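Student: One structure, as structure tokens, below. Some questions next.
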Amino acid sequence: MNSGMSGAAAPRLAVEQFLSAAKAGDLQAMSVVFGTNKGASRDNMAWNELEKREVILQCFFNADSYRIISENAGAEGHRVVRAELTKGRVARQPNFFVIQGPAGRWYVDNMEIAVVRDFCGQAPAN
């Protein structure tokens with residue numbers, strides 16, 4: 001990210017930034033790429049509501065490692081980015097739904113949280 005712009009330059013990059021921020025527990029960094037076609041959620045919703053959502057998302061998507069597997073066209077202008085997340089000995093492959101917002105920037109709009117439901121509360125690998 002550069003010059004204070006929110007979003008990411010490409011769909012995969014938005015997912016990578018989101019996952020890196022989740023692993024670091026950095027809610028501010030998550031808020032830069034979590035959003036809709038209107039832009040970053042930090043600019044479009046109350047911070048206390050956004051913070052609650054991000055704390056939950058951080059718990060589920062805080063993986064020991066991740067890799068991007070694929071990117072494909074999705075419904076209603078979304079790009080579907082599939083990532084493999086590994087926590088301990090468990091690997092899951094959720095889809096992330098990324099949408100283009102203002103200034104051509106990309107935002108993680110939604111994700112398959114049910115796929116990683118067992119990640120929240122699981123101790124990280126040593």
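None of the figures in this text is laboratory data; all of them are computed from the coordinates on show. In this text, all values refer to a predicted model and were calculated from it rather than measured experimentally. Glycine also receives a Cβ, built like all others from the backbone with ideal geometry; neighbour counts cover every protein chain displayed.
Student: Provide Rg and Dmax in Å for the stretch 9-82, with only Cα atoms included in the calculation.
Tutor: That works out to 12.4, 33 Å for Rg and Dmax.
Student: Between R67 and V55, what is the label-point separation in nm under the 7 Å Cα-to-beta-carbon projection?
Tutor: 3.5 nm
Student: Give me the orientation-averaged projected area of the Cα convex hull of the chain, in nm², one decimal.
Tutor: Projected over every direction and averaged, the Cα hull of the chain covers 7.4 nm².
Student: Let me ask something else about it. So, with +1 on the Cβ of K and R and -1 on the Cβ of D and E, and no other charges, what is the size of the charge dipole of the stretch 11-116 about its Cα centre, to the nearest 20 debye?
Tutor: 220 debye
Student: With the crude spin-label approximation of a point 7 Å out along Cα→Cβ, what separation in nm comes out for M45 versus S20?
Tutor: Placing both labels 7 Å beyond Cα along the Cβ direction yields 2.4 nm.
Student: A further question follows. Once the Cα atoms of helix 11-24 and of the chain are each reduced to a long axis, what angle between those two axes, in degrees from 0 to 90 to the nearest 10, is obtained?
Tutor: 50 degrees
Student: Given springs between every Cα pair under 10 Å in a Gaussian network model of the chain, which of E112, E76, E49 has the largest fluctuation?
Tutor: E76
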